[in-house]
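Peer 1: I have a structure I would like to understand better, so I am pasting it below and will then ask my questions one at a time.
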Amino acid sequence: MIRSTVLVLAALFVTALAGAGGAYIGLDEVSPGMTGHGLTVVAGDELVRFDVEVVGVLNAPGDGQSFIAIRASGEAIERSGGIAQGMSGSPVYLDGRLAGALSRAAVWAATPERPLGLVTPIEDMLEVLDEVRAHDLPERDFPPDEPTRPEEVAPDVVDGELYGAALVHWPLQAPPVLAAGLSSRAIRTLKEGFRLDALDTPLADLLPAWARSFPGIEELGISSVIDAPGVAAGTTWDLRPGGPVGVSLMVGDMHIGALGTVTEVDGEALVAMGHHFLFSGPSRYFLTQAEVLDTVQTLDAPFKFGMLGDVEGGIYADRWAAIGGRSDVTPQGIDVALLLRDLSHPEEQTSSLQATMAREPRLQPMLLHLAGLEATDRGLDRMGEGTVSVSYEIEGEGMPRPLSLDNVFLSTQDVAVFSTLEAAMILNILQYNEFQDPELTTVRLEAEVTKELRATEVTGLTVHGQQFAPGDTVPFTVRGRDWRGEEHTWTGELRIPPGVDGPYVELRAYGGPRPLEKGEAPPVIESLEDLLDYIERVPGNDTLTVELFAVDPLTALTGVEHLVGVDGRTLQVPDSVVFGEVSVHIPLEQDD
């Protein structure tokens, strides 16, 4: 790889580099009419120059971000159809010195031959370079801050074609995300995100309402998602100013990330893009190889079309002025291993998917859900009804022990959705727990899918006996019926506690988990260990529960009936979703 070394002082910084372009030029030295050039890759691995002319300097009020307004021209710009997405980060040199990175374009304001663009000043980017050059890399804020994103910039110094009284909107040139190894509907989910509406479980109560919706890439400011042709081999890839670089959220059998351009390299540290990616501040994305296949002209905004490749380090800063990374330090991600068995296939077909996702809390549930959706679609090679039995384990360096769960889900429309839906929700619960950072490292999940609708309905409940008093045992029989199948019965007995004081008790048979009754106190969770225990105790959808409820003494004080569970039995109905509820009121004999 090509590296630059520290040589001279920069304006406002005690830092400067030798190499292509020489030293830096500060914003206060830039004036309209200055000319220079930029470097970028339009196709392949060849660096090409384009010409720039300064139109004006846009000084934002207060501490806002300032820009250099330029016109770009030359063969590279004409071939690209203007300033392309993915070209952001291209270094711009004025009077032979690095002025900053091409980062934004006003595509509506000029012809493609000489488009208007904005350059992020180098002094703002050097702050990001200093951040990632530090020996101790910053850890992610927990949870990450999400500052308000300004939408417009008003220039106060203009020249010629810009008018001082006008409010000029400069669209952010957020790079399109490249997605390799994803189906069209997985890409749609990546763009739009997903909700937990399909899950009816008390575990959802551990998340506030706003945390039950997981944002897609578009909600985080990314303009589009492109189906990438594959992953680059990258054997001759060099990290150099003007060259391509990848910033990836997931690598492996699925690869999701964005293509940008390197602005400056200082030893093992670099800055790129000239603007933020997801604006996470401290970050732990993967820095990857990248290859530009070509630059595509479109009616709205051209973009670089390419591929991402092998991991070469990490992106540790995601700021307004740039992303910053290191090629000598690779961040730890979350390893995902999925195994799917299609029981409806004549030969019981098996498929697997392995990937590593970046520790970006806002996107981890969505990325895991995408992996499950993709793995299930690949294995089933169909869409539609079925039953899926899942078993998964989640580990983390900050967890007292792994979390293990089993469950069964049924769908008449799209069974693939449920392969990792609950696991994604649990991942979010753990990530944002109030006790300690779980430092998630691994998610392993196995799923078995059948086209059959395996369901059992609770159809009846019979109590054997006529008279009961506190301290007695209540024998019962539960009746159930398979989906379009045979009848089943389960027998057992529950004991009425001696201290029960009320006119009756209620015996209830139901499938799956249930919400709390009015008289029941919520669980007490005082540590991450308690949280793991509670999550694992919640009954799955394949459970049949028979529970005895008594009238809570609080009823006499409030006048509102409150029940509380006093005894219960739970059994599993293997590989079947149990649904329905039946209850019986049992009058109690009271001592005189």
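The values are calculated or read from the model by the stated rules, or taken from the named source; none is laboratory data. Remember, it's a predicted structure, so these values are computed and weren't measured experimentally. Using ideal geometry, Cβ is built from the backbone for each residue, glycine included, and neighbour counts are taken over all protein chains shown.
Peer 1: Looking only at strands (runs of 3 or more DSSP E) that fall completely inside the range 218-289, which ones have 3 or more residues that are touching a residue at least 24 places away in the same chain (Cβ under 8 Å) and surrounded by 24 or more Cβ atoms within 10 Å (Cβ to Cβ)?
Peer 2: 244-252, 255-266, 269-272
Peer 1: Then there's this: Name the residue, out of Pro365, Pro346, that is assigned to a loop (DSSP other than H, G, I, E, B) and either farther than 30 Å from Pro121 by Cβ or at pLDDT 90 or above (or both). So that I can check it myself, show each step before the final result.
Peer 2: Working: Pro365 fails: assigned to a loop (DSSP other than H, G, I, E, B).
That would be Pro346, the only listed residue that is assigned to a loop (DSSP other than H, G, I, E, B) and either farther than 30 Å from Pro121 by Cβ or at pLDDT 90 or above (or both).
Peer 1: Right, here's the next one. Count, please, the residues in the range 179-216 that happen to be in a helix (DSSP H, G or I) and in contact with a strand residue (DSSP E or B) (Cβ under 6 Å, 6 or more places away or on another chain).
Peer 2: Matching residues across the range 179-216 total 3.
Peer 1: From the list Leu203, Leu182, pick out the single residue that is farther than 11 Å from Leu370 by Cα and either surrounded by 15 or more Cβ atoms within 10 Å (Cβ to Cβ) or of a type in the set (Val, Ile, Thr) (or both).
Peer 2: Residue meeting the stated conditions: Leu203.
Peer 1: Could you look through the range 60-113, keep only residues that are touching a helix residue (DSSP H, G or I) at 6+ places or on another chain (Cβ under 8 Å), assigned to a loop (DSSP other than H, G, I, E, B) and farther than 22 Å from Leu259 by Cα, and pick out the one that is modelled with the lowest pLDDT?
Peer 2: Initially, the range 60-113 is screened for residues touching a helix residue (DSSP H, G or I) at 6+ places or on another chain (Cβ under 8 Å), giving 65-66, 68, 83, 87, 98-101, 112-113.
Narrowing the set further to residues that are assigned to a loop (DSSP other than H, G, I, E, B) leaves 65-66, 83, 87, 112-113.
With farther than 22 Å from Leu259 by Cα added as a condition, the list becomes 65-66, 113.
Numbers: Gln65: 77, Ser66: 85, Glu113: 63.
Per the stated criteria, the residue is Glu113.
Peer 1: Quick one: what pairs do we get from the range 516-536, first residue under 10 Å from Leu403 (Cα atoms), second among the hydroxyl-bearing types (Ser, Thr, Tyr) and not in a loop (DSSP other than H, G, I, E, B), C-beta under 9 Å, 6+ apart or different chains?
Peer 2: From residues that are under 10 Å from Leu403 (Cα atoms), the pairs are Glu536/Ser404.
Peer 1: Another one. Only one residue in Val458, Val449 is under 30 Å from Gly193 (Cα atoms), in a strand (DSSP E or B) and of a type in the set (Val, Ile, Thr), so which one is that? Let's see the steps before the verdict.
Peer 2: Values: Val458 fails: under 30 Å from Gly193 (Cα atoms).
On inspection, the qualifying residue turns out to be Val449.
Peer 1: Pick out the one residue from Ala317, Ala355, Ala321 that is in a loop (DSSP other than H, G, I, E, B), surrounded by 23 or more Cβ atoms within 10 Å (Cβ to Cβ), modelled with pLDDT of 90 or more and touching a strand residue (DSSP E or B) at 6+ places or on another chain (Cβ under 7 Å). Can you show your working first?
Peer 2: Details: Ala317 fails: in a loop (DSSP other than H, G, I, E, B); Ala355 fails: in a loop (DSSP other than H, G, I, E, B).
Step by step, each of Ala317, Ala355, Ala321 is checked, and only Ala321 is in a loop (DSSP other than H, G, I, E, B), surrounded by 23 or more Cβ atoms within 10 Å (Cβ to Cβ), modelled with pLDDT of 90 or more and touching a strand residue (DSSP E or B) at 6+ places or on another chain (Cβ under 7 Å).
Peer 1: Follow-up question, since we're still on this one. Hey, among the residues in the range 436-463 that are more than 27 Å from Ala337 (Cα to Cα) and out of contact with any Phe, Trp or Tyr (no Cβ under 7 Å at 6 or more places or on another chain), which one's surrounded by the most Cβ atoms within 10 Å (Cβ to Cβ)?
Peer 2: Step by step, filter the range 436-463, then rank; the result is Thr456.
Peer 1: Looking at (1) in contact (Cβ under 8 Å) with a residue 24 or more places away in the chain; (2) exposed (fewer than 15 other Cβ atoms within 10 Å of the Cβ), find the lone condition where Gly512 falls short.
Peer 2: Unmet for Gly512, out of (1) in contact (Cβ under 8 Å) with a residue 24 or more places away in the chain; (2) exposed (fewer than 15 other Cβ atoms within 10 Å of the Cβ): (2).
Peer 1: So, in the range 483-492, of the ones that are surrounded by 12 or more Cβ atoms within 10 Å (Cβ to Cβ) and at pLDDT 90 or above, which residue ends up farthest from Thr387 (Cα to Cα)?
Peer 2: Gly492
Peer 1: If you don't mind, another one. From the list Pro470, Pro475, exactly one residue is out of contact with any Phe, Trp or Tyr (no Cβ under 9 Å at 6 or more places or on another chain) and in a loop (DSSP other than H, G, I, E, B). Which is it? I'd like the intermediate steps shown before the answer.
Peer 2: Details: Pro475 fails: in a loop (DSSP other than H, G, I, E, B).
After applying the criteria, what remains is Pro470.
Peer 1: Do we have Ser583 as modelled with pLDDT of 90 or more and within 24 Å of Gln466 (Cβ to Cβ) here?
Peer 2: Yes; evaluated as a whole, the condition is true for this residue.
Peer 1: Taking the condition loosely packed, with under 15 Cβ neighbours inside 10 Å, farther than 19 Å from Val546 by Cβ, out of contact with any Pro (no Cβ under 9 Å at 6 or more places or on another chain) and among the basic types (Lys, Arg), does Arg495 pass?
Peer 2: No.
Peer 1: Return the only residue of Pro208, Pro241 being under 30 Å from Asn541 (Cβ atoms) and not assigned by TED's automatic domain parsing to the domain that holds Asn428. Step through it out loud before you land on a result.
Peer 2: On the way: Pro241 fails: under 30 Å from Asn541 (Cβ atoms).
From the options Pro208, Pro241, the qualifying one is Pro208.
Peer 1: Now for a different question. With respect to Arg514, is the statement that it is within 40 Å of the chain's Cα centre (by Cα) and in a loop (DSSP other than H, G, I, E, B) true? Working first, answer last.
Peer 2: Working: within 40 Å of the chain's Cα centre (by Cα): yes; in a loop (DSSP other than H, G, I, E, B): yes.
Yes.
Peer 1: Condition check: at pLDDT below 75 and over 33 Å from the mean Cα position of the chain (by Cα). Does Glu151 satisfy that?
Peer 2: No: the conditions fail for Glu151.
Peer 1: May I pose another question? So Gly502 fits all but one of (1) part of a strand (DSSP E or B); (2) in contact (Cβ under 8 Å) with a residue 40 or more places away in the chain; what number is the exception?
Peer 2: Every condition holds for Gly502 apart from (1).
Peer 1: Take the conditions modelled with pLDDT of 65 or more and among the aliphatic types (A, V, I, L, M) and apply them to Leu27. Does it pass?
Peer 2: When the stated conditions are applied, Leu27 passes them.
Peer 1: Cβ contacts < 9 Å: first residue closer than 19 Å to Asp530 by Cβ, restricted to the range 387-409; second residue buried (at least 21 other Cβ atoms within 10 Å of the Cβ) and hydroxyl-bearing (Ser, Thr, Tyr), any location; separation 6+ or different chain. Result?
Peer 2: Leu403/Tyr392; Ser404/Tyr392; Leu405/Tyr392
Peer 1: Please work out if Leu259 is farther than 19 Å from Ser103 by Cβ and at pLDDT below 90.
Peer 2: no
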